[in-house]
1. Before we move on, is residue 209 in contact with a helix residue (DSSP H, G or I) (Cβ under 8 Å, 6 or more places away or on another chain), surrounded by 15 or more Cβ atoms within 10 Å (Cβ to Cβ) and modelled with pLDDT of 95 or more?
2. Kindly indicate which of 326, 378 is at pLDDT 90 or above, assigned to a helix (DSSP H, G or I) and assigned by TED's automatic domain parsing to the domain that holds residue 293.
3. Being modelled with pLDDT under 95 and either part of a loop (DSSP other than H, G, I, E, B) or more than 30 Å from residue 263 (Cβ to Cβ) (or both) is the requirement here; does residue 454 meet it?
4. For residue 305, only one of the following conditions fails: (1) surrounded by 14 or more Cβ atoms within 10 Å (Cβ to Cβ); (2) over 30 Å from residue 234 (Cα atoms); (3) touching a strand residue (DSSP E or B) at 6+ places or on another chain (Cβ under 6 Å). What is its number?
5. Among (1) over 26 Å from residue 445 (Cβ atoms); (2) at pLDDT 50 or above; (3) in contact with a strand residue (DSSP E or B) (Cβ under 7 Å, 6 or more places away or on another chain); (4) crowded, with 18+ Cβ neighbours inside 10 Å, there is one condition residue 176 misses while meeting the rest; what is its number?
6. Going through segment 240-257 one residue at a time, which ones are in contact (Cβ under 8 Å) with a residue 40 or more places away in the chain and not in a strand (DSSP E or B)?
7. Could you tell me whether segment 270-277 includes any residue that is over 30 Å from residue 73 (Cα atoms), loosely packed, with under 15 Cβ neighbours inside 10 Å and touching a helix residue (DSSP H, G or I) at 6+ places or on another chain (Cβ under 8 Å)?
8. Looking for whichever is in a loop (DSSP other than H, G, I, E, B), within 21 Å of residue 357 (Cα to Cα) and not assigned by TED's automatic domain parsing to the domain that holds residue 192 here; the options are 282, 295, 262, 316. Which one fits?
């Protein structure tokens, strides 16, 4: 039986695997720090393989740089070392829901999600903190002094001597913001499915920089659109220069060739344009102009109307859109409209039943279609009973805005996973429930929020994370009341980031004595439950942490099952427990290492699995 690793997979090792697949000739071995041979990438060989397609050193190139970028890139490659712990008391329908609310710094959480959700997320929507020049609440520790920024950006040399005229120290706030965003977006890209897409809300302060790092991470060829959202319904007369009436939403696909927005439903105004004044059996239609300005040599010919009037040709400076032959075919099929008295300039009848079922989305989203900031606040106040006005978030987005994104991003019935790792007040989760109700979808949400305290202490709400829980809990209750017996998944499983449930067994030998050695016989931290440990195993093995859990008792020990994983973390295990776990023929089985009294018990357990379920991968913690 092998022991489970304590850390997650190294992202750099995963990248090395990809290079090895593309260029097997660059794989070599070096002597590791432990004296053992280890696989490595021969970068000199890779450089020769790529030939003139490599740029390095001080050679000029097109790129966005800032003090802290290299560190941000390292952050994106660091493996996760913590875990997620389930919180049943704050969850709704814990045992059956596929939705997740995760409390923790999103950088830590995104690292943990790399294994179970790699390439599985269909849609990511985030509304990150806009850069207003203030400090951020995230724990990356990327803050800079003014002097540190000027030196790092090459504006000031040794001894504080300026190297450029009028050094710009305000750029340090851009650097801080970019350093915070870069690793999160890089990890998010890994999670997107090949036909997945990310929508990012942003304002004027960082739209240019965000687009640049977006094209660097996702690829310029995968940029889709820059949407303008009209966020207010009236100008701000208090504005010093211009009333800022809009924000932006940047859209990047994982692979633009694989993703395309779904058409939007036609509006009532669009439907009203189709009528049937001549009672055509093919149903409502609308008349389309038959002339166009684009040159078309076959589109110049006279036409005689049913009333006998001769039209010499198309209007001056234009052409008929169709040839004479095609015109005669349409007329014979009753697809030309001559007017009620048969004397009008002809128009082509476009039948409603024959046009596309929806409309192409546009990059201008007015507030009357997707809501505005006041709509957003009203929705938040409806579902969260605030006592203090100061706690009402100012940057909250309207539910209608996120619902529009959900409508565009994927098919309602595909079971798409929707991720929001700046979840704030829970707007995305709210929108998923509402949109599933509207179109019968089965989307799942994963909402991640740092435990940010409220500006003012409030009874029943300790943090912004709890605002989201309260909001979605009340939204779900309202839907249940309006639609009793609904089959929608209206629950959520609450998970909280914490340190690993396993202690670090890598202790230098010269620091151990006999008493200290006994302390390392059990690697499991005190206070961790069976569900805590089960979830850590799921994350380590890349299994969905939303998988339903069932619990059974055999010989007084708790046996937990999550899909094809069966585990028993009891302090001791009996032969009956081992045989019961093997009898379920799971793909994976996990026990506590210290539960076996000695090597003989481990050998006996291995023989039971070899006899009953030889295909099971058995591990110990």
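1. no
2. 326
3. Here the answer is yes, as residue 454 does meet what is asked.
4. (3)
5. (3)
6. Within segment 240-257, 244, 254, 255 meet the criteria.
7. So far as segment 270-277 goes, yes, one or more of its residues are over 30 Å from residue 73 (Cα atoms), loosely packed, with under 15 Cβ neighbours inside 10 Å and touching a helix residue (DSSP H, G or I) at 6+ places or on another chain (Cβ under 8 Å).
8. Result of the check over 282, 295, 262, 316: 282.
The values are calculated or read from the model by the stated rules, or taken from the named source; none is laboratory data. Quick caveat: nothing in here was measured; it's all calculated off a predicted structure. Here Cβ is always computed from backbone atoms with ideal geometry, including for glycine, and neighbour counts include all displayed protein chains.
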